[in-house]
Amino acid sequence: MSDSPSGPPARASRRRWVVVGALAVATAIGVAIHVAGGAPFVLGAVAVCALVIAVGQRASWAVAIVFSVSVLLAGYAVTLRLLQPIPAGLAEKNAVLLTLVAALAIVRVARSTPLRLPPLRSTLALGTATLPVVALSAGALVTVAVGAGERLVWSMQNDAIWNTMVARFLWEDGGVAVDRPNVSPLVSGLLAGAFAPGRAATAPLGLLEHDLVRQAELWILLVAATGILAAVVAWRELPRLSTTGRAAAALAVSLVPVSPYVAGYSFQFGFYNAIVVVLLLLCGWMLFREADRHRVLGVIGMAATSIALLAVWAPLAAVPLALGVLLLVTTPRSWWASLARRELTAVIVSLAGIPAYLLAVTVPDVLRDNGALSAEGATVGVQPVFVALVLTGMLGVAVVRSRFDWRSTEVWGTAAVLAASAVVLAYLMLQRRAFGYWGYYPAKFAWLLVVFAIIVSSVWLIAIVSRARSLPLRVVGVVAVVTVVVSVMVTPLPTPGSLRSWSGAYLGTAMPVSSDAVRELFALSDPDQLTVVSRDLGADQDRFINGWLIQQSASSARDPIRSFAYDFDSGDAAEVCRLADEAPGPIMVATRDPGLAVELDALCSDADVSVVDR
């Protein structure tokens, strides 16, 4: 009889070391790609997966996913400030941080006996449910990588321009510098982190395309991650359904973040932060719902979610903050007494991080830029009455879902979300009282809440419908749920811009901006030379090109030259002269009009302007 190990313990040990080896190899591949100047997404994905497996040894897999995402995003927001003085590039800092996270998680996995892994059947079912999201995202990534010149236009609209420039500041500074503050550093950090590898070796005229390709890839991946997380929420909230029923519900809900109502509007208006907000709101909600089973991780994760949202868009941090307060208030004293010293320390440190971040970062930012909250801008056209109906409806659905149990987490959690949101929304509206209460920031805030409400409420409605005993009633109920959800998502009707942006990203269809305009923009995008086009490809195409070229030359958000990016009439020679007067240095004007040089010489012969015929 052999003395060699055999049976279940030996198989479990082999499985553990196979997982450890696979994670180690994947980490090494990610590091190699990162160091070679490739996209950082492989290393980032490996770090997330390793941490999820490590946390999953003591928590449900849903909690492990949302906890890992929240902690990593909050940690990145903090390190962007703390590590900025270190004389190293952002790419190098991120590579070290991600490798460290992966290594520590792998060590934890190696010490786990026996090693827990997600159930195969559930994993396959959930993976199948998210295949449409994965397929759409894969197609979009291919389009970005090999498409024609206009392949990036969907990601280059409205706020995307200044978001890109702020991310460049952060790359240049190696983080958030004291003398160049940033009110939403996490999104800027994610963008800068995406294009940081390989940027230093890129020629000046190739920098804009390099940055935009990486940012577009990141955006697609973030939307996909949010869709997958929405599927996880649906799966976790519907334990009584069959595997097929849970998978069908997960598939339907996963499509909400990828829809024109969410992704399309985000692309149209350049709202890079919108999808990160939805991702974190879902993380916070799941942590709150699971807190009874995993209270330590719930409290720490809620604190991390709050800090991360403070670093994305501070007003929306009110949601996890309200849920966190509710969680702490309902925590019995016996729980605190039962904590081990290490657990108690981790909870206290995480909770202390919220006021520390508020006082050190958020409050100074609000005091410095408070007037910005009254600004106007292009945004989703939701109206107050519609928002009130959707959010009130969410509370009603929560009550029915809980079978009228007023003490349930569904009811109390929804009430806390609505109360906190009402306070913040009132504050945002008061900032605009001189211009009309409803506008850019209140509408954007309300739209993001509606997206969150759609995802959570649709899952609850499916749960309610599934109680019906007869198949015909369940079919009618599902049709009713789909009708309600779709009705909300087409109110207001999707704009042509959102539909074009969505189809441009996921289907590769043509955008209003031509490939010639994109190629010309890239050819003129030397960051060290302020260049504009005048009477070149037509008014609309010229406006698009100049929006990018002018803002690329701005040194800060308050640089007066930025105003020209919005109201510059490049066909007017007098406007070109006015720009030359405001510019800090010489400007170059590219044109197809041979008479422009003569006009400029007559209007502003002393200006430092050079004209280049295209």
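The values are calculated or read from the model by the stated rules, or taken from the named source; none is laboratory data. Predicted model, so just to flag it, every value in this text is computed and none were measured. Cβ coordinates were reconstructed from backbone atoms using ideal geometry, including for glycine residues, and neighbour counts include every protein chain displayed. Each accessible area value is taken on the protein alone, full model and side chains, heavy atoms only, with ligands, DNA and RNA left out. Shrake-Rupley method; radii C 1.70, N 1.55, O 1.52, S 1.80 Å.
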_Out of the residues in region 602-614 meeting the condition of being among the small types (G, A, S) and more than 42 Å from the chain's Cα centre (by Cα), tell me which one is surrounded by the most Cβ atoms within 10 Å (Cβ to Cβ)._
A607
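Go through I348, I275 for me and flag whichever is within 24 Å of V52 (Cβ to Cβ) and either of a type in the set (D, E, K, R) or part of a helix (DSSP H, G or I) (or both). I'd like the intermediate steps shown before the answer.
On the way: I348 fails: within 24 Å of V52 (Cβ to Cβ).
It is I275.
Counting only residues that are open to solvent by less than 10 Å² (accessible area, probe 1.4 Å) and at pLDDT 95 or above, which one in region 230-243 is nearest to V262 (Cα to Cα)?
Pass one, region 230-243, residues open to solvent by less than 10 Å² (accessible area, probe 1.4 Å): 230-231, 233-234, 238.
Of the ones still in play, those that are also at pLDDT 95 or above are 230-231, 233-234.
Working: A230: 13, A231: 15, V233: 17, A234: 18 Å.
Once the filter is applied, the top-ranked residue is A230.
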*Residues of region 118-143 being polar (S, T, N, Q), in contact with a Leu (Cβ under 9 Å, 6 or more places away or on another chain) and modelled with pLDDT under 95, which ones?*
T123, T143
*asked:* If I filter region 311-327 for residues that are under 24 Å from T123 (Cα atoms), among the hydrophobic types (A, V, I, L, M, F, W, C) and outside any loop (DSSP other than H, G, I, E, B), do I get at least one hit?
replied: no
_Complete set of residues in region 559-590 that are closer than 16 Å to Q529 by Cα and in contact with a Lys or Arg (Cβ under 6 Å, 6 or more places away or on another chain)_ = A590
*Single match in L359, L287 (criterion: hydrophobic (A, V, I, L, M, F, W, C), open to solvent by 10 Å² or more (accessible area, probe 1.4 Å) and out of contact with any His (no Cβ under 7 Å at 6 or more places or on another chain))*: L359
*Just for region 351-393: of the residues that are over 21 Å from the mean Cα position of the chain (by Cα) and β-branched (V, I, T), which one is farthest from D159 (Cα to Cα)?*
T392
*What are the residue pairs meeting all of these: first residue in region 107-126, first residue without any contact (Cβ under 8 Å) to a residue 60 or more places away in the chain, second residue aliphatic (A, V, I, L, M) and part of a loop (DSSP other than H, G, I, E, B), Cβ atoms under 9 Å, and 6 or more apart or on different chains?*
T123/L117
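Identify, from the list L207, L221, L212, the residue that is surrounded by 23 or more Cβ atoms within 10 Å (Cβ to Cβ) and touching a residue at least 12 places away in the same chain (Cβ under 8 Å).
Numbers: L207 fails: surrounded by 23 or more Cβ atoms within 10 Å (Cβ to Cβ); L221 fails: surrounded by 23 or more Cβ atoms within 10 Å (Cβ to Cβ).
Within the list L207, L221, L212, the selection yields L212.
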*Look at region 138-162 and say how many of its residues are open to solvent by 50 Å² or more (accessible area, probe 1.4 Å) and either closer than 20 Å to R558 by Cα or assigned to a loop (DSSP other than H, G, I, E, B) (or both).*
3
*Which one of V78, V96 is surrounded by fewer than 16 Cβ atoms within 10 Å (Cβ to Cβ), closer than 19 Å to L170 by Cβ, modelled with pLDDT of 95 or more and hydrophobic (A, V, I, L, M, F, W, C)?*
V96
*Among (1) assigned to a helix (DSSP H, G or I); (2) buried (at least 21 other Cβ atoms within 10 Å of the Cβ); (3) of a type outside the set (D, E), the one test that V176 misses*: (1)
_Pairs where the first residue, in region 307-323, is modelled with pLDDT under 95 and the second is aromatic (F, W, Y) and open to solvent by 10 Å² or more (accessible area, probe 1.4 Å), C-beta under 9 Å, 6+ apart_ = P315/Y427; P315/Y441
*asked:* Restricting to region 546-601, and then to whatever is under 34 Å from the mean Cα position of the chain (by Cα) and among the charged types (D, E, K, R), can you tell me which residue is surrounded by the most Cβ atoms within 10 Å (Cβ to Cβ)?
replied: R562
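Per-residue answers, yes or no, for (1) open to solvent by less than 20 Å² (accessible area, probe 1.4 Å); (2) among the charged types (D, E, K, R); (3) in a loop (DSSP other than H, G, I, E, B); (4) within 24 Å of L222 (Cα to Cα):
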site	(1), (2), (3), (4)
R15	no, yes, no, no
V18	no, no, no, no
V31	no, no, no, yes
H34	yes, no, no, yes
L43	yes, no, no, yes
I53	no, no, no, yes
Q57	no, no, yes, no
A64	yes, no, no, yes
*Going by the structure shown, is T379 over 30 Å from V256 (Cα atoms) and either assigned to a helix (DSSP H, G or I) or of a type outside the set (D, E) (or both)?*
no
*L115 outside any helix (DSSP H, G or I), modelled with pLDDT under 95 and crowded, with 17+ Cβ neighbours inside 10 Å*: yes
